[in-house]
Structures are given as C-alpha cells and as structure tokens.
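The values are calculated or read from the model by the stated rules, or taken from the named source; none is laboratory data. Please read all numbers here as calculations on a predicted model, not as lab measurements. Counting neighbours? That spans all protein chains shown, and the Cβs are built from the backbone with ideal geometry, glycine included. Ligands, DNA and RNA are stripped out before the accessible areas are found, and what is left, the full protein with its side chains, is counted by its heavy atoms. Shrake-Rupley method; radii C 1.70, N 1.55, O 1.52, S 1.80 Å.
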Amino acid sequence: PRRSTPWRAAVLVVCTNLLIVLAPPRGSFSTLARHRPPAQLDGLAAGFALPPEQRDLVDWVRLLRGSSQPQLFHGEPIQVEGFVLVTATGERHLAQLLVRCCLADATPVQLAVQWPDDAPPPQQDQWVRVEGEMELLDTSDGMRPVVIAHRVTAIPKPRQPFRT
C-alpha cells in the first residue's frame, strides 16, 4: 500500500491556494440575489426631496414601496445603475445588493425594467446604467411601477458593488 507523505499534502494545499489566488471563483450577483429575501426598506427616506434624476436605485425603491400613490412618480425621469437580475419568471430587472453588516446579510433591491425593443436585453449579471422614465403598467398583479428604458449603457462593475 502506498503511504501519503506530509509533503504531498503540503503541495496540494499550496497548489489549491495558488489556484484560488490566480483564478478566483466568480460569484453571480443574480444567483445571490435570487436566494435572498428582498431588502426591508423603511420610510420614504431622503430620496423624496431629491430631484428625480439624482435618485439612485435604492431611493427609487424606497419611494415606490413607501408611497400609497406610486402614480405620483409617473413620467419622472430616472437614471439608475445596477446589475441585471434575471428573476425566477425570466424577467430582467435592474438590481443592487444592500449590505447592512456583512456579505452574509446582503439583500436585493430591484426595479422592473421594460428594455428598449431596438436592442437585445443585457445579460444576467451585466452592470448597466439605465436612463428612461418611471411608468405604471397594468399587470395581472395590479398596477406595477416599471422603468421604461430609453437608453441602456454597459458600465464596468463598480469597485464597491454593494450598497450600505
């Protein structure tokens, strides 16, 4: 029988660590977001006082969730950034992950998007800037806020991709 020697185990550990450093695993923001409950966002927050074009994704979601009259935001200009989240139903939303303490508590914040017809929708996990306007669409689930995208621009993943 062949006996394992300590140096073989050491070589295996060193090679494994070297492989992780040279070719780190690439996590999927969408996969993480799909397996987490939505972020709990309380109140209208300061985003209400901001001009519409200065609100970020989290401000918009807070406003829409906190308002009993989302139709107030109909037609307002919107410019937000995030990654493309493909939902369980196959829809492509724009999302960010909100971290309150650490990555273990990351929760998704997302907006439905109606992507432009003249281009294919962006791929899952791709980071984009969406410019358009807020609209309310009548769906089987009732009136639903949706970003009508007029312009979609691919952007690099931010150095700090999580919101705090």
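The sole residue among ALA33, ALA49 that is at pLDDT below 90 and open to solvent by 50 Å² or more (accessible area, probe 1.4 Å) is ALA49. I'd like to know if the stretch 136-149 contains one or more residues that are in contact with a helix residue (DSSP H, G or I) (Cβ under 9 Å, 6 or more places away or on another chain) and β-branched (Val, Ile, Thr). Yes; the residues of the stretch 136-149 include at least one that is in contact with a helix residue (DSSP H, G or I) (Cβ under 9 Å, 6 or more places away or on another chain) and β-branched (Val, Ile, Thr).
The residue pairs whose first member lies in the stretch 128-148 and is without any contact (Cβ under 8 Å) to a residue 40 or more places away in the chain, whose second member is open to solvent by 40 Å² or more (accessible area, probe 1.4 Å) and of a type in the set (Lys, Arg), and whose beta carbons are closer than 9 Å, counting only pairs six or more residues apart or on different chains, are LEU137/ARG144; ASP138/ARG144.
Among the residues of the stretch 138-149, is any over 22 Å from GLN54 (Cβ atoms) and in contact with a Phe, Trp or Tyr (Cβ under 9 Å, 6 or more places away or on another chain)? Steps first, please.
Applying the first criterion (over 22 Å from GLN54 (Cβ atoms)) to the stretch 138-149 yields 138-144.
Then drop every residue that is not in contact with a Phe, Trp or Tyr (Cβ under 9 Å, 6 or more places away or on another chain), which leaves none.
For the stretch 138-149, residues over 22 Å from GLN54 (Cβ atoms) and in contact with a Phe, Trp or Tyr (Cβ under 9 Å, 6 or more places away or on another chain): absent.
On the stretch given as the stretch 127-146, residues that are over 16 Å from the mean Cα position of the chain (by Cα) and in a strand (DSSP E or B) total 12.
Looking at this structure, is ARG2 in a loop (DSSP other than H, G, I, E, B) and modelled with pLDDT of 70 or more? Walk me through it before giving the result.
Working: in a loop (DSSP other than H, G, I, E, B): yes; modelled with pLDDT of 70 or more: no.
Here the answer is no, as ARG2 does not meet what is asked.
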